[in-house]
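Accompanying notes for the structure given below.
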């Protein structure tokens, strides 16, 4: 099972696939018309998208027209922008922190330590039907690996430069102090 970010991405992908399939070739915005005994939702070309005989469906047709494929595709794009901002922070290697939530304090610690607990992603997931059961079944995100540290080459010293100990007064030297001839 993916983590929360991956689960939302799957939901957005599926919503986008359905909206693109509903668009058809050249279909634009939808609008609704209601008559005395029927209601319909049409696209800009005048083709019927939804038709209902019987009681007028003013509110239902308006709702369907409001959520036409073009509107759904815009929402998918907005969701992807949120997902791009709120993702695993590649600079934090000790926990799966959210990059979009920012940092706090002098040490710039992550505001959200676990991507699955990001408030923005949880709100976004709620809009896509996240339940407590689904959330509990999601994998925990894994922090990015620590970048490899290059091995020092010959003659390269890691750490502060060596300092001579010759100038240390005898009174400060301990019993295991190197002899005077060494530095």
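The values are calculated or read from the model by the stated rules, or taken from the named source; none is laboratory data. Here the structure is a predicted model, which means the values were calculated and not measured. Here Cβ is always computed from backbone atoms with ideal geometry, including for glycine, and neighbour counts include all displayed protein chains.
Brief remarks follow.
- Scope the stretch 10-31; condition surrounded by fewer than 16 Cβ atoms within 10 Å (Cβ to Cβ) and either within 14 Å of residue 83 (Cβ to Cβ) or at pLDDT 90 or above (or both); matching residues: 10, 13, 14, 17
- Of the residues making up the stretch 141-157, those that are surrounded by fewer than 15 Cβ atoms within 10 Å (Cβ to Cβ) and either in contact with a strand residue (DSSP E or B) (Cβ under 9 Å, 6 or more places away or on another chain) or at pLDDT 95 or above (or both) are 142, 144.
- Count of the stretch 64-96 residues which are modelled with pLDDT of 95 or more, assigned to a helix (DSSP H, G or I) and farther than 13 Å from residue 124 by Cα: 0
- Restricting the stretch 98-134 to residues that are in contact (Cβ under 8 Å) with a residue 40 or more places away in the chain and not in a helix (DSSP H, G or I), the residue that is surrounded by the fewest Cβ atoms within 10 Å (Cβ to Cβ): 129
- Residue 41 part of a strand (DSSP E or B) and at pLDDT 70 or above: yes
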